[in-house]
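So the structure is just underneath, and the comments pick up after that.
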Amino acid sequence: MLFSAKVILLFFASAVLAGSMHDGSLKRHANLKSRLASQTLEARSESVEAYYGFQERNSTITACGVYFNDTDYIIGLSSDYVTADYTDNCGRSVTVYLTDDSSSSIEVTVGDSCESDAYLSVAAFEALAGSLDTGVLNITWSFIDEATAAVSSASTEASSV
């Protein structure tokens, strides 16, 4: 009887101690909803069209505040990723491949924003498509520089501008 009383007492003592350690400030999920609402996440995957540049970009300043040549490997991303006021993604390295054929890929640099899904510089578009004849490509792109935020990717249609 003495043994069972000790076991019961030990059980209640551990339950009280455990309960006192779980106040709101120690719970992992305390205020989870409000913490998640304040966080912004980058897209992991998205399908888009990419176009190539129909005019020379050599003398036009971009949303990233830089000039580039048609021979540079540049991608312009939608305003979800780059605007004149939000340039954190400018200069990031991106891998681009055809959505239907991931064996062909190129590395480009984020250098501009785009009103449509995405655009590639003439050189980047031609390197990926083989020619400018298609005009529009279904691409998948992903950030590859691990130094900034989380790795993100999106599938989009790209054009060359």
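The values are calculated or read from the model by the stated rules, or taken from the named source; none is laboratory data. Given the structure is predicted, the values throughout are model-derived calculations rather than measurements. Every residue, glycine as well, gets a Cβ built from its backbone with ideal geometry; the counts of neighbours run over all protein chains shown.
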From 148, 71, grab the single residue that is surrounded by fewer than 17 Cβ atoms within 10 Å (Cβ to Cβ) and either touching a helix residue (DSSP H, G or I) at 6+ places or on another chain (Cβ under 7 Å) or modelled with pLDDT of 90 or more (or both).
-> 71
Given the conditions (1) in a helix (DSSP H, G or I); (2) under 20 Å from residue 82 (Cα atoms); (3) of a type in the set (A, V, I, L, M, F, W, C), every one holds for residue 110 apart from (1)
Surrounded by fewer than 21 Cβ atoms within 10 Å (Cβ to Cβ), modelled with pLDDT of 90 or more and small (Gly, Ala, Ser): does that describe residue 63?
-> yes
Taking the range 91-148 and keeping only residues that are under 20 Å from residue 79 (Cβ atoms) and more than 21 Å from the chain's Cα centre (by Cα), one is left with 136
Yes/no for residue 161 being modelled with pLDDT under 90, of a type in the set (Val, Ile, Thr) and in contact with a strand residue (DSSP E or B) (Cβ under 7 Å, 6 or more places away or on another chain) | yes
